Amino acid sequence: MKLSKKNPAETKENQRNWSFSLVVAALVGAFGSSFLYGYNLSVVNAPTPYIKAFYNETWYRRHGQPIDPDTLTLLWSVTVSIFAIGGLVGTLMVKMIGKFLGRKSTLLVNNGFAISAALLMACSLRAGTFEMLIVGRFIMGVDGGIALSALPMYLNEISPKEIRGSLGQVTAIFICIGVFSGQLLGLPELLGRESTWPYLFGVIIVPALVQLASLPFLPESPRYLLFEKHDEAGAMKAFQTFLGKADVSQELEEALAESRVQRNLRLVSVLELLRAPFVRWQVITVIVTMASYQLCGLNAIWFYTNSIFGKAGIPQDKIPYITLSTGGIETLAAIFSGLVIERLGRRPLLIGGFGLMALFFGTLTATLTLQDQAPWVPYLSIVCILAIIASFCSGPGGIPFILTGEFFQQSERPAAFIIAGTVNWLSNFVVGLLFPFIQKSLDSYCFLVFATICITGATYFYFVLPETKNKTHAEISQAFAKRNKAHPPEVKADSAMTEEKANSQTEPDSSSTLDSYGQNKIV
């Protein structure tokens, strides 16, 4: 009944919610943030042999002998994995930086890390110092850690709840576009050559400069201005800009109601959030979601792609071009998720995505085991790889960042993103560290480990995760209240605010200051 009444009007309302400023904020914010994260995940693959040769030449020049193979492997492993260590450091810095600078200014300052990292890595070959490349990768990791916390917070706080999921999915879409761009620019015809590989890392400076030139013209998060800076006039102007309308009294009233509740609340620390009984299951769900996001086996897929394509009979020099199909599928699946997330909801996409990944991981294990039995079997392995990537990006690839912003109130959100980011980057590091050993021990059966993780995640979400589509933070907290066996203090205060509002309607003289404020200022 509610759906049939709401669908046509809801579609029109959602279209109105997409203001020009909101779209620009999402695109510019993601291009200078999550795009760079995705780009740096894939950019090291194409120039690997040239970078190793550069390490060997530098070592020989310094020590008069070629580098030991084990030392070279260690240096390359550090070069790749130090990105995750930097990401963890960046995540831990977000709360401190964001408290003083705000969401938008944090993103702007973060471009300093990207620019300095790009210059270090691009100049490493000319300087003959491979340490510059390693330090640059670490700094780029710091940029990624800050970006993947500050950007989802910013997008969550500037978007109307009706399109919060779609706008939040922009983070994942640009991660996928970044991965695809790294693969594309790594082709030999472009920058994937011995003489031009440093420019692959120098390209990083472009998105950072675009964001630096564009983002200052957009407002800060209205909720940050209202809750942490107590700037009602600034918050109202920000709401007007992002919502694309003059009358924002309803949105401001909702935010002020939440602001009154949290007026005496300071930012919650990570330890306090972990101990709080009324958000216990929200924290557990964020941890499970982020761990599943990294441990589900997608990194293993990238490891196997070239060998599977080679066994399918694809010539070695053609494999980089075929690999582009994986980046293309990834991007299309992320866009599909952004288009349907407000119709289907977060819960079905997460459960369905992990469930399908488990199914295709099982099929991939069978095809890899039997690939010598028939000439067409390796091609079935390629189909499984593309299906796993599509399943991941259609739900699990972006929703974890959205849920972290939706589960928690303003005072809890920075600590929540620190917890989520820490789990994300530590899991990333663990996969990079342990996967070679798992693969060596189990060979193609290693994918059964990832299938088990996907099934476990899907089962958890089926029994624990409530749907958060089109719900306020108070409603989401209420959905967890029964499982937490504790009601958040905000809920009680909200009910008090509702009574106060009802009483104010019967007494004209006691109308809220917000109404008079809105009438005086909006026109």
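The values are calculated or read from the model by the stated rules, or taken from the named source; none is laboratory data. This one's a predicted model, so the numbers in the text were calculated from it and none came from an experiment. Glycine also receives a Cβ, built like all others from the backbone with ideal geometry; neighbour counts cover every protein chain displayed. Surface areas here come from the heavy atoms of the whole protein model, side chains and all, with no ligands, DNA or RNA. Shrake-Rupley method; radii C 1.70, N 1.55, O 1.52, S 1.80 Å.
A few comments on the model shown:
- Exceeding the 32 Å Cα-Cα cut-off - candidates LYS318/LYS440; LYS229/LYS471; LYS245/LYS471; LYS440/LYS469: LYS440/LYS469
- Cross-link check: pairs LYS237/LYS485; LYS104/LYS482; LYS104/LYS161; LYS52/LYS95; LYS161/LYS485 evaluated at a Cα-Cα cut-off of 28 Å; pairs beyond the cut-off: LYS237/LYS485; LYS104/LYS482; LYS52/LYS95.
- Approximating the spin labels as points 7 Å out from Cα along Cα→Cβ, the LEU190-to-ALA213 distance works out to 2.0 nm.
- Expressed as a fraction of 2.2 N^0.38 Å, the C-alpha radius of gyration for the range 270-487 is 1.11.
- The percentage of C-alpha pairs in the range 327-426 whose separation is greater than 20 Å is 52%.
- Within the accessible area of the chain (1.4 Å probe), percent carbon and sulfur: 64
- Pair-distance distribution of the range 19-218: all C-alpha pairs, bin width 5 Å, starting at 0; shares per bin in whole percent are 1, 8, 16, 19, 18, 13, 9, 7, 4, 2, 1, 0, 0.
- Dipole magnitude for the range 19-218: computed about the Cα centre from +1 point charges on Lys and Arg Cβ and -1 point charges on Asp and Glu Cβ, it is near 440 debye.
- Karplus-derived 3J(HN,Hα), 6.51/-1.76/1.60, for each residue of the range 172-179, Hz, glycine and proline x: 5, 4, 6, 4, 5, 5, x, 4
- The angle between the Cα long axis of helix 473-484 and the main principal axis of the chain comes to about 80°, on a 0 to 90 degree scale.
- In order along the range 63-72, the phi-based Karplus estimate (6.51 cos²θ - 1.76 cosθ + 1.60, θ = phi - 60°) of 3J(HN,Hα) comes to 10, x, 8, x, 6, 5, x, 5, 5, 5 Hz; Gly and Pro are listed as x.
- The long axis of helix 346-369 is offset from the longest Cα principal axis of the chain by roughly 10 degrees.
- With Cα atoms, 0 to 90° folded angle of helix 446-464 axis to the chain main axis: 10
- Taking all protein chains into account, the per residue accessible area for the range 115-192 stands at 26 Å² (1.4 Å probe).
- The range 58-110 and the range 174-249 have Cα centres separated by 21 Å.
- Shape descriptor for the range 334-382: Rg over Rh equals 1.20 (Cα atoms; Rh from the Kirkwood inverse mean 1/r).
- Backbone HN-Hα couplings from phi across the range 320-325 [Karplus 6.51/-1.76/1.60, Hz, Gly and Pro as x]: x, 6, 5, 4, 4, 4
- The alpha-carbon atoms of the range 120-235 define a convex hull whose volume equals 125 cubic angstrom per residue.
- Solvent-accessible heavy-atom area per residue, rounded to whole Å², over the range 270-487 at 1.4 Å: 41
- The structure shown yields Cα extents along the principal axes in Å, and of the options [x] 103, 55, 47; [y] 101, 61, 45; [z] 86, 50, 42 that calculated value carries the label [z].
- Simple point charges give the picture: +1 on the Cβ of Lys and Arg, -1 on the Cβ of Asp and Glu, and for the chain a dipole about the Cα centre of about 320 debye.
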